[in-house]
Number of protein chains: 2
Amino acid sequence: MPKKLIIIGGVAGGASAAARARRLSETAEIVILERGSYVSFANCGLPYHIGGEIENRNALLVHTPDSLRARFNIDVRTRHEVIAIDCKAKTVAVRDLCAEREYVEHYDTLILSPGAAPIRPPLPGIDDPRVLTLRNIPDMDRMMAALDAHVRRVCVVGAGFIGLEMIEALRNRGLEVTLVERDPQVLTPLDAEMTAPLLETLQRQQVKLHIGDGLAAIVPGPQLQVMLSSGAQIETDLVILAIGVRPENKLALDAGLALGVGGAIAVNVQQQTSDPAIYAVGDAVQVSHVVNGHPVILPLAGPANRQGRIAADVIFGKKAAYRGSQGTAICKLFEMTAGTTGLNEKALKASDIPYRKVYIHANDHAGYYPGAKQISIKLLFAEDTGRILGAQAIGESGVDKRLDVLATAIQAKMTVDDLAEMELSYAPPYGSAKDPINIAGMAAQNLVTGLSSLIEPEELDAAILAGATLIDLRQPEELQQGQIPGAKNLPLPQLRTQAAFPKDAALIVYCQIGLRGYIGQRQLQQQGWSVRSLNGGFRTWKMMQVARRLISGSDSVRTTAA
Amino acid sequence: MPKKLIIIGGVAGGASAAARARRLSETAEIVILERGSYVSFANCGLPYHIGGEIENRNALLVHTPDSLRARFNIDVRTRHEVIAIDCKAKTVAVRDLCAEREYVEHYDTLILSPGAAPIRPPLPGIDDPRVLTLRNIPDMDRMMAALDAHVRRVCVVGAGFIGLEMIEALRNRGLEVTLVERDPQVLTPLDAEMTAPLLETLQRQQVKLHIGDGLAAIVPGPQLQVMLSSGAQIETDLVILAIGVRPENKLALDAGLALGVGGAIAVNVQQQTSDPAIYAVGDAVQVSHVVNGHPVILPLAGPANRQGRIAADVIFGKKAAYRGSQGTAICKLFEMTAGTTGLNEKALKASDIPYRKVYIHANDHAGYYPGAKQISIKLLFAEDTGRILGAQAIGESGVDKRLDVLATAIQAKMTVDDLAEMELSYAPPYGSAKDPINIAGMAAQNLVTGLSSLIEPEELDAAILAGATLIDLRQPEELQQGQIPGAKNLPLPQLRTQAAFPKDAALIVYCQIGLRGYIGQRQLQQQGWSVRSLNGGFRTWKMMQVARRLISGSDSVRTTAA
């Protein structure tokens, strides 16, 4: 047991480690050295204070140095920056930023919880004071001061979680917003087609979109001119840079600790670095991905907190091990909720894991009970075992619930059979006798057992070109929602009696969401036709169209001009 | 493969079986024989149409005989009652209730999905036409007609799911409601203390409560006089009987099929009865409980649907097996949501399974984001392995999500360690970096590993009587919410410096929800005291008080009189 534990960084991981350490040992000396002015603040809440939902700034200060001291007898030193670690001597060199003095402090065990810093690419004009990032309380204060000062137009660069949350905050403040995203989609932890409802929401909110176009330079002047790779130019009063974070690894690097992918601090499952007396937790460390075991960086609040707890347990002689991260994340964008857990299709393709996928669209609760909203779920699973590899969901209600069930299923290494058999809570206000989770599991099960035969929306064009016959099984009144070019309408109730296709025809059937497509496919297949049903129906096809339309360079410019 | 499949009963299980059977075989003859006038209706939605939330009666008719015929080519015969099964001849005798004729129909395979019927105990006056039950569309129509006819006061007998949903419906119609429940609590699938918020809601809604007092007789007259076992008497215009259901087993019994507990139809995991050509599904069958393997009756919509699908799979040669039921159920009562999954404490005690429990109270989402509501969770787990055995949750928001995660965890045979490590979706509007699920898992883990030492609220009186010192660790301003008699207030921040108790004192500490209690317990324990922390803090203790106060006979009468 260490007599003296020093923790560098007093936010999520560091504060958790300190509190747990004190519960395990009343006698240890526990010191938190925090470079900033605040400890244990709610950094996930910052955009909501800017947007006005969280009115009271103090609500974001979960703990103060005083409250940590009073409750846990922890020596909390804010504005004390560690500038070097001497692993051999087991000391840290500390600079007191207020008193402007330096001193050396000995440790028995050290925990690094330095976090991550917003990325600022070395582009012309990036250091203009009107180019801001958001990571901590002073960043937030600075941004609010800037927004109060005659800002009318803001350009948000980066369409990740922070970028999207900031867009909502800025629109809530009545500002004009332009979004710039280098990747050909928003919210890259999801696959592109699943983000289509977010694009529609952004358009409804009159956000100007430049998707698939990178930031090239910022030209200062009375207004800022944001120059994009495509040549497009955006005039704005303020730029918010939200293109990701990089691990704060300088101390670890200088101390000679092993680093991993992207410069993250390498740790074992006990959160121990290459120096056995030094542990590391939170956004700065490398984790193993739960699904494929790959080393990754996944800066998330939940894992940071749990890693802090685990490090303290190990340090004070309790058995504990971090199991890896699975990338569960969720985002609110106005009325929409979008989230993911496990690996997405892009990652599965990149890592050559054989997978299958199903898309389903189902009501969050019984359709006959008021207020039902459709949730779209994409479920990715192993081709051989049916093990769930990843899932994404988007909709207006009940999305977080299904994501959490799927996250739990991934943690438990469950299969699509398990999803089909889940007994979830059902009463009409909450779900359906067959929950969307059951439906996703059953659809996947049907695919695995060969009952259903699917064609992916991205394969459709090629199949039609090769001569396939496309049959729309919806009722005539549904066609006003749009149709896939080339489709013939033959409503499902007439299919059994009116199907008259050449015996060697390659048939593709679809309906609105995929259920009637599956039923029709079973009918036609048993009557001897070669037939596939469109995965996720018209709805998924349409989502893919929306996602594609908005990523092509010319369209993005047109969107902006419109 | 059967050429001819007959299904008796066309609601949840029967309709699911029929639809699945058709997807598996285009050529089989599939006949549904349904005694009632409706198939595949939303029986879970009935109370909400009565209450007015579901305005359109037709919304409850998920499928009609015509739509089943058109989509699935199923021969649906409503108002056709099977009056006998001849297992040897493989025939059913059918009465056409409209044409008033009888006929015999042959089957290759038979599926029984007869459902369950509301219990009507043989009490004096029970057959008065003003004593109604609610199970199907005609019941609902009858009840709505009765409610329209000058009814002002309704007495609901039975505080289960239907009873509580009916109370909300009746109050929404502006009626005076009295609730009679024989058991000493409402919503018996939960443990009594967890239902306290429901009792408070019922009182706020001015429902007169007779809890722990049974129905003895009903005396007809211009008004009905409801006589209770205690001697109490309730004058009312209408009685709604919602005291449970019993399996519709007459056909099975007469046919000599094996029956199980409570007269439910016994089936194997393939849903096959003791006659290999006859399957049974839904509310009439016995299931094996997922947690302890005991045979039970759990009439629930989700299991009925899945059993129908499984029976069809087995009949048409696909591999399938029902895994058992775990009793996941949920109820909305005005602003409150309450639910359960797995075994409750009463059942664990009755089946002598060694268990431990933790109570936690945590916000459904980050407290600093607007609208956070407290969820109370009771987690029951195996003393030796930490395996989750059951869970109950109650609150205003996010209850269904946590129940579904816990239901999934029970299905996956997860442990409290798994809950502690779950990576659930977190952004401030949806959860916390430590979700209530994580907190429950961590609290249980602390108990299993001996870090925390708990006293149960039900043990408190005895401990105080035996001389224990009770310390309230809350801040002085919190005490206005009430205090446990005999407690001394010593706020946690002062505990480390001001704890001055005899070295041999038996200390009990508590706070509002249990977190500070645990922190205080760790402090005092490490300083050498024998100390326990009150499980779930003041909040759980208070819930137990509320539940107890309302069940004693005299109080229930007083409540009514007030």
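At-a-glance table
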| read-out | value |
| --- | --- |
| Accessible area of the stretch B:14-63 divided out per residue, in Å², using a probe of 1.4 angstrom | 31 Å² |
| Packing-based ranking, highest mean first, of B:384-397, B:72-85 given that Cβ atoms within 10 Å are counted | B:384-397, B:72-85 |
| The protein assembly as shown: calculated mean residue ellipticity at 222 nm from DSSP helix runs of at least 4, using -39500 (n - 2.57) | -8500 deg cm²/dmol |
| Distances in nm from residue A:217 to the matching label points in the other copies, shortest first (labels 7 Å along Cα to Cβ) | 9.8 |
| Residue B:91 accessible area, assembled protein chains, probe 1.4 Å, Å² | 30 Å² |
| Cα principal axis extents for the stretch A:202-351, largest first, Å | 58, 36, 28 |
| Inter-chain Cβ neighbour average for residues A:403-415, partner chain, 10 Å | 6 |
| Per residue accessible area of the stretch B:91-166, 1.4 Å probe, in Å² | 43 Å² |
| Rel. contact order, % - alpha carbon contacts under 8 angstrom, at least six apart, chain A | 12 percent |
| Cα shape, the stretch B:10-76, gyration tensor, a/c 1.5 rule | prolate |
| Per-residue mean of C-beta atoms belonging to partner chains within 10 Å, peptide B:521-530 | 2 |
| Inter-probe distance in nm under a simple model that places probes 7 Å from Cα toward Cβ, at residue B:498 and residue B:258 | 6.8 nm |
| Shape of the stretch B:115-171, Cα gyration tensor, a/c cut at 1.5 | rounded |
| Accessible area, probe 1.4 Å, largest first, for residues B:16, A:230 | A:230, B:16 |
| Selection from B:232, B:217, B:195, by position along the positive dipole direction of the stretch B:178-271 (Cβ) | B:217 |
| Cβ crowding within 10 Å averaged over residues, with B:294-300, B:509-515, B:252-258 ranked highest first | B:509-515, B:294-300, B:252-258 |
| Percent breakdown of C-alpha pair distances by 5 Å bin, ordered from the shortest bin, for the stretch B:257-313 | 4, 22, 32, 28, 12, 1 |
| Whole-number D in µm²/s for the stretch A:152-271 (Stokes-Einstein; Kirkwood sum over Cα pairs; 20 °C, 1.002 mPa s) | 134 µm²/s |
| Solvent-accessible area buried by pairing A with B, both sides, nearest 100 square angstrom, 1.4 angstrom probe | 7400 Å² |
| Summed side-chain charge close to residue B:538 - residues other than residue B:538 whose Cβ falls under 11 Å, Lys, Arg +1, Asp, Glu -1 | +2 |
| Point-to-point label distance, residue A:488-residue A:104, nm (Cα→Cβ direction, 7 Å offset) | 8.7 nm |
| Rounded to 10°, Cα long-axis angle of helix B:537-549 versus longest principal axis of chain B | 60 degrees |
| Compactness of the stretch B:450-532, expressed as Rg and Dmax over alpha-carbon positions, Å | 11.7, 33 |
| Directionally averaged shadow of the stretch A:349-440, computed from the convex hull of its alpha-carbon atoms, nm² | 5.7 nm² |
| Whole-angstrom gap from the stretch A:40-103 to the stretch A:345-384, using each part's C-alpha centre | 41 Å |
| Ranking by accessible area, most exposed first, for A:44, A:155 with a 1.4 Å probe | A:44, A:155 |
| Surrounding net charge for residue A:386, when Lys and Arg each add one and Asp and Glu each subtract one, Cβ distance under 9 Å | -2 |
| Cα-derived Rg over Rh, computed across chain B with Rh taken as Kirkwood radius | 1.02 |
| For the protein assembly as shown, the Rg and Dmax computed from alpha carbons only, in angstrom | 31.6, 102 |
| Carbon and sulfur %, accessible surface of the protein assembly as shown computed with the full protein complex present, 1.4 Å | 51 percent |
| Degrees separating the helix B:301-315 axis from the principal Cα axis of chain B, which is the longest one | 50 degrees |
| Inter-chain Cβ neighbour average for residues B:298-307, partner chain, 10 Å | 4 |
| Cross-link partners of residue A:250 among lysines (Cα-Cα below 22 Å; sequence separation of 8 or more within a chain) | A:88, A:90 |
| Beta bridge orientation in the protein assembly as shown: antiparallel %, DSSP, nearest 5 | 55 percent |
| Label point 7 Å beyond Cα along the C-beta direction, distances from residue B:494 to other copies (nm, shortest first) | 8.3 |
| Spin-label pair residue B:465/residue B:97, simplified geometry with 7 Å Cα→Cβ offset, distance in nm | 5.7 nm |
| Solvent-accessible surface (1.4 angstrom probe) belonging to residue A:434, in square angstrom, nearest 10 | 60 Å² |
| Between the stretch A:416-490 and the stretch B:432-466, the Cα center-to-center distance that results, in Å | 46 Å |
| Solvent-accessible heavy-atom area per residue, rounded to whole Å², over the stretch B:409-562 at 1.4 Å | 38 Å² |
| Qualifying trypsin sites (Lys or Arg not before Pro) in the stretch B:308-341, DSSP loop, other Cβ atoms within 10 Å at most 16 | B:318, B:319 |
| Charge tally in the Cβ shell below 9 Å around residue A:370, where Lys, Arg are +1 and Asp, Glu are -1, residue A:370 excluded | -2 |
| The stretch B:300-398: C-alpha gyration tensor shape, a/c 1.5 cut-off, then a/b vs b/c | oblate |
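The values are calculated or read from the model by the stated rules, or taken from the named source; none is laboratory data. Just so it is clear, the structure is predicted and the values come from calculations on it, not from any experiment. Ideal geometry is used to build each Cβ from the backbone, glycine not excepted, and the neighbour counts take in all protein chains shown. Quick note on the areas: whole protein, heavy atoms, side chains included, nothing else; ligands and nucleic acids left out. Shrake-Rupley method; radii C 1.70, N 1.55, O 1.52, S 1.80 Å.
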